[in-house]
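This report concerns only the one structure given below.
The values are calculated or read from the model by the stated rules, or taken from the named source; none is laboratory data. Just so we're clear, the structure is a prediction, and the values are computed from it rather than from any experiment. Positions of Cβ are generated from backbone atoms using ideal geometry, with glycine treated the same way; all protein chains shown enter the neighbour counts.
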Amino acid sequence: MTIPDIIQQRVAAMPDQPALIESPNGVHRELTYRELDVLSSAFAKRLYQNGVRPAETVLVFVPMSISLYVCLLGIFRLGATAVFLDPSAGLKHINDCCQIQRPRAFLGTWKAHLLRLASPALRHIPLHFWISSDPKRPAGVGSLPATISTPQTDTPALITFTSGSTGKPKAAMRTHGFLIAQHQALSEAIDLKPGESDLATLPIFVLANLASGVTSILPDADMSRPGLIDSRCVARQIERYRPTRSEGSPAFYERLLSAPQNETSSLLSFQNIYTGGAPIFPSLLEKIQKAAPQANVVAVYGSTEAEPISHIDWKQISSDDLKAMRSGKGLLVGQPVPQIEVAILHDQWGQPLGQLTVSEFEKKRVPLGQHGEICVTGEHVLKGYLNGQGDSETKFKVDDKTWHRTGDAGYLDESGRLWLLGRCAARVEDSRGTLYPFTVECVAQTYPFVRRSAFLGKDNQRFLAVEYSQVPTTAERDTLLHSLKWAHIDRLIPLKNIPVDRRHNAKVDYPSLLRIIK
C-alpha cells in the first residue's frame, strides 16, 4: 500500500469532492479528487515520455501550491523519487545537496529556472521541466505504460535535506511504506476525518489530508517565510472557505493573531487547530484559544525524522502544569503517540553510541522524572540517512532495533507525559552547574512584554536575550529577573530580533545568537 494507492481509494469513493483549493491573489482554483487523479497520471506520463524512469530522482523547486501536489503525485505514480531542498540556504547548500544525490530531472517554475543561471549543479541536471502555476494548464492526457510496475512499500518516495551538527547536509530518505506509517500516525494524532476542510500550511500534512479525504486549502501566502505572511490575505481565505481545521508553525499563528480584531474573528470557523515545528509555549496556546474558544488547540511535537512524537491539547494543561513550567520544569508536550516508543538516556549528545545490547541500553536509561536525551523508535521514525551521512551522530541500534536521537533533552513524568528542556547542544554548563534553555525560556515567555527569549552561556557567563513585544518598565524587568534568580543570569540582553530558523521562523538559532553576543 502506498499514498497513491490510498488516494485512488478516495477517488473511487469521493471523486467530486475538492481535494485541493487555492486562491492566489484572490483567484479561486480547485481540483477534485477525480481531476487530481487525471492530472497526476498525465504528469507521470509526461515525465516518462521525456526520459524519467522509475527509481530516478527528480529535484522539485515548486512552491506550495496545487501544481506542487500534481507534480509530487505524478512522481510517486511513476516510482521516481522527489527531492526537496531549501534554495534560500544558498548556492553552496544547493551544490552540496546535488553532490550527495545527483538528480536526473529538475522541476521548477520560471523563477526557479532563473536560479540555474547561478548554479552549475542545477545546470548539470540532464532533464528540465517548466511547471505552470495553473495546475489545469494542458499537459497531455493518458497514463503510464502497463510495463511500469507500481511502487512498492520499500520504494524510495521522498528525499529532503537537513543540516547535521557539522553543517553538512544530510539526506532524509522516506520510502512509500514510511509515508504510510507517518500518515497513519498523523491521521490519528490530529484526528483527520473525511469531508473536513483544512487550512494546510505544512506540506507533509497535505499528503495526510489527501490520503484521509480532507480538503486542503493552501494559504495565499509565502509559506517559506511563515513569520512574514500577510495575515489579511489568509484571513480573507478563512472567511471565504470557512475551514474546520488548521495546522501551522507558531510563527504563522502569531501573524494571524497580530491582525486587526475583525480579521482574527475569522478563526471562529476552526474546530481544531494544531501547531508545531518549533517550541509551543503556553502563552501562545492561550492566545489561540481565546481567539478561537470553540476549537481544540493542540501543540504537536515532532521532527523531520519523527513526526509526530507527542501532542497535548491546551485544555489538558492544568494549573499545576502551568506552575511547573513557570518554575523551571521545562515545556510540557504531552503523551507520546501510540505508534512511537520513547526512551530517555543519559545526555551523551555528541558521542556516537553505535551498537548496544539490551543490557547496555537499559544502563543508559535514566529513572522516571530525570532528564536526559530524548530517543525514539517506531515505524514512522527515520532509520537512517542516505549514504549513512549523519547516522553515527543520530542513530544507534539495540540488537536489531534502530533508535533515533532527537538531539532534544527532556524527561517523562509519572503520567508518562513528555517534557522538553531544549536542545542538548544548547545546554549551558559552567561552574554553577548545568541548565537547559527551556527551563529558563518557559519562565520568560510568561511575561506579556516578552515576544521571544533565549537562554545561553558564553565564557562562564549566563545570558538571557530578550526580544520585546513592548519595552518593559524597570519594575517589570526587575520582576522578570527576580523570577529567574535561581538561574543565576549574569546579563539581560535586549535585542531587536533574536535569530530564528529559516523553515518555521520560530526556533531560536543559538549558534547565530552566540556569534552576535559580545
Can you tell me how many residues in segment 458-477 are over 23 Å from Val500 (Cα atoms), in a loop (DSSP other than H, G, I, E, B) and in contact (Cβ under 8 Å) with a residue 12 or more places away in the chain?
1
Test Leu492 against the criterion of being without any contact (Cβ under 8 Å) to a residue 40 or more places away in the chain, assigned to a helix (DSSP H, G or I) and surrounded by 14 or more Cβ atoms within 10 Å (Cβ to Cβ), and give yes or no.
no
Condition first: over 22 Å from Gln184 (Cα atoms), acidic (Asp, Glu) and modelled with pLDDT of 95 or more. Can you find one or more residues in segment 382-400 that meet it?
no
Which listed residue, of Ser246, Ser216, Ser224, is under 21 Å from His504 (Cα atoms), among the small types (Gly, Ala, Ser) and part of a loop (DSSP other than H, G, I, E, B)
Ser224
Picking from Ile75, Ile94, the residue that is under 22 Å from Leu207 (Cβ atoms) and either not aliphatic (A, V, I, L, M) or not in a strand (DSSP E or B) (or both) would be Ile75
Residue check: is Leu117 touching a strand residue (DSSP E or B) at 6+ places or on another chain (Cβ under 6 Å), at pLDDT 90 or above and not aromatic (Phe, Trp, Tyr)?
no
Out of (1) within 17 Å of Pro250 (Cβ to Cβ); (2) touching a residue at least 40 places away in the same chain (Cβ under 8 Å), the odd one out for Arg451 is which?
(2)
Can you name the residue in segment 8-19 that is assigned to a helix (DSSP H, G or I) and in contact (Cβ under 8 Å) with a residue 60 or more places away in the chain and, of all such residues, is farthest from Ser67 (Cα to Cα)?
Ala13
In segment 222-242, what count of residues is obtained for those that are in contact with a strand residue (DSSP E or B) (Cβ under 8 Å, 6 or more places away or on another chain) and either among the small types (Gly, Ala, Ser) or surrounded by fewer than 20 Cβ atoms within 10 Å (Cβ to Cβ) (or both)?
3
Answer residue from segment 502-511, given it is in contact with a strand residue (DSSP E or B) (Cβ under 8 Å, 6 or more places away or on another chain) and not in a strand (DSSP E or B) and is surrounded by the fewest Cβ atoms within 10 Å (Cβ to Cβ) among those:
Asp509
Asp191 passes all but one of the listed conditions (1) modelled with pLDDT of 90 or more; (2) of a type outside the set (A, V, I, L, M, F, W, C); (3) closer than 28 Å to Asp96 by Cα; the exception is number (3)
Somewhere in segment 59-70, is a residue crowded, with 23+ Cβ neighbours inside 10 Å, within 22 Å of the chain's Cα centre (by Cα), of a type in the set (S, T, N, Q) and in the same structural domain as Ala13 (by TED's automatic domain parsing)?
yes
Could you check Leu514 against (1) within 26 Å of the chain's Cα centre (by Cα); (2) surrounded by 19 or more Cβ atoms within 10 Å (Cβ to Cβ) and say which number it fails?
(2)
Breaking point among (1) touching a residue at least 24 places away in the same chain (Cβ under 8 Å); (2) over 22 Å from the mean Cα position of the chain (by Cα), for Gln99
(1)
For Val450, the lone unmet condition from (1) closer than 19 Å to Val381 by Cα; (2) in the same structural domain as Ala506 (by TED's automatic domain parsing) is (1)
Counting only residues that are surrounded by fewer than 22 Cβ atoms within 10 Å (Cβ to Cβ) and in a loop (DSSP other than H, G, I, E, B), segment 384-421 contains a total of 9
Mind listing whichever residues of segment 77-95 are over 24 Å from Leu199 (Cβ atoms) and either outside the structural domain of Arg34 (by TED's automatic domain parsing) or not aliphatic (A, V, I, L, M) (or both)?
Arg77, Gly79, Thr81, Pro87, Gly90, Lys92, His93, Asn95
Taking the stated definitions as given, is Arg245 touching a strand residue (DSSP E or B) at 6+ places or on another chain (Cβ under 7 Å), closer than 30 Å to Thr406 by Cβ, free of Cβ contacts under 8 Å to residues at least 60 places away in the same chain and not small (Gly, Ala, Ser)?
yes
Need at least 1 residues that are small (Gly, Ala, Ser) and surrounded by fewer than 18 Cβ atoms within 10 Å (Cβ to Cβ) per element, so show me which strands (runs of 3 or more DSSP E) inside segment 267-383 make the cut, counting only ones lying wholly within it.
354-356
Filtered residues of segment 20-54 (kept if small (Gly, Ala, Ser), in a loop (DSSP other than H, G, I, E, B) and more than 26 Å from the chain's Cα centre (by Cα))
Gly51
Examine segment 191-199 for a residue that is within 17 Å of the chain's Cα centre (by Cα), of a type in the set (Asp, Glu) and more than 26 Å from Ser88 (Cα to Cα), and state whether such a residue exists.
yes
Determine, yes or no, whether Gly354 is within 19 Å of the chain's Cα centre (by Cα) and not assigned by TED's automatic domain parsing to the domain that holds His488.
no
